[in-house]
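Report on one structure; see the data block that follows.
Bear in mind these aren't lab numbers, they're just calculated from the coordinates by the rules spelled out. If you're wondering where the values come from, they're calculated on a predicted model, not measured in any experiment. Methodologically, a virtual Cβ is constructed for each residue, glycine included, from the backbone with ideal geometry; neighbour enumeration extends over all protein chains shown.
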Amino acid sequence: MRKLSTLDRFLPVWIIAAMALGLVLGRSIDGLDEALEAVEIGSVSLPIAIGLLLMMYPVLAKVRYSETSRVTGDRRLLVSSLVLNWILGPALMFALAWLLLPDLPEYRTGLIIVGLARCIAMVLIWNDLACGDREAAAVLVAINSVFQIVAFAALGWFYLQTLPGWLGLETTSAEFSIGAIAISVLIFLGIPLVAGFLTRLIGERTKGRGWYEDRFLPKIGPVALYGLLFTIVMLFALQGDAITSQPWDVARIAVPLLAYFVLMFSLSWAVGARLGLGYAKTSTLAFTAAGNNFELAIAVAIGTFGVTSGQALAGVVGPLIEVPVLVALVYVALWLRDRRGRGAAEPTTTPSNS
């Protein structure tokens, strides 16, 4: 701990403070949510979009793209990730939503939408903090992005209409814009991915890998965490009033979300350990499966059901639970690494500079 920077050492404190600040701003400043929503990029508020891009660029600039071929050749990792993300994850959220919110159809629908939105943004931060495999994370996030465009609408139809009908449960009609989903993916993954790739390519060709990784990356590393904190403040400022005005509803929504994140992480970790993937890839598998694309879930819920809907509130509560839980799971992962004595991707570096 003494080797870590102040930012890294007290990261949970800064994240909790950012959440609290956002909630206070959203609650106390009239019209702040409308101002933040005045300009959007890919159905996401401009300030949040800027924070996401700042958050993702340094992480993607760290990826050694020349080594991604070793990941694409690992069928165990790729197949297990697809199964966990696109079969187990949505099915688990569907089951938890119906078991724990049988009397609240709007919140239940919102949670099912959260379960369909697989993570393509913050998972890179959690994976980097846990010293997971960066190249594997980049590949799995790219795969999730493609499947998100192709499968989101179909899975939404299946879990909201077809499966409930088969089980004799209440069905929900919903329409999802594939074009809007594609634009969101291209902006929030495509832009930082291209920027990160070009930065490494140009940096290594002009200054060499040693300079790039030992001098340049440590300088831009903290930007990712600053972007994360800024994003959290803006996100909770945007939805602060909705969260604080309905505390009991938030508590009801939080229970299945908490169960979902812990179960998905634990099951994914068990799968990685069973397959003998090693710490770095197991950590990456667990975080990419446990995280969700709450930006997309919120945008879809608002666009389909309205900004004041219960579905939108369920989407908003998602990051309220996900952020602190996955930060805690980062420390769990590092504890498991040290306990089992398995080597991480770069275990001797600090989170900001790793």
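One table, with the values for the structure above:
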| item | result |
| --- | --- |
| Local electrostatic count, L52, Cβ distance below 13 Å [Lys/Arg +1, Asp/Glu -1] | -2 |
| Size of electric dipole in segment 115-259: Cβ of Lys, Arg +1 and of Asp, Glu -1, about Cα centre, debye, nearest 20 | 540 debye |
| The chain - Debye-derived log10 I(q)/I(0), Cα point model, q = 0.06, 0.07, 0.08, 0.11 Å⁻¹ | -0.20, -0.27, -0.36, -0.69 |
| Mean Cα-pair separation over length for the chain, i.e. relative contact order, pairs under 8 Å, 6 or more apart, % | 34 percent |
| Rg in Å to one decimal, and Dmax rounded to a whole Å, for segment 251-332 via C-alpha atoms | 14.5, 46 |
| Choice from G306, G272, G110 showing the highest fluctuation, given a GNM over the chain with Cα pairs closer than 10 Å | G306 |
| Net charge of neighbours whose Cβ lies under 12 Å from the Cβ of I243, counting Lys and Arg as +1 and Asp and Glu as -1 | -2 |
| Histogram of C-alpha separations across segment 161-215, 5 Å bin width, % | 4, 16, 11, 10, 9, 10, 8, 7, 6, 5, 6, 6, 1 |
| Estimated inter-spin distance, Y226 and Q161, nm [label 7 Å along Cα→Cβ] | 4.7 nm |
| Rounded if a/c under 1.5, otherwise prolate or oblate - segment 189-342, Cα gyration tensor axes | oblate |
| Directionally averaged projected area (convex hull, Cα atoms, segment 106-184), nm² | 6.2 nm² |
| Equivalent ellipsoid, segment 222-291 (semi-axes from 5 times Cα gyration tensor eigenvalues, Å) | 30, 19, 5 |
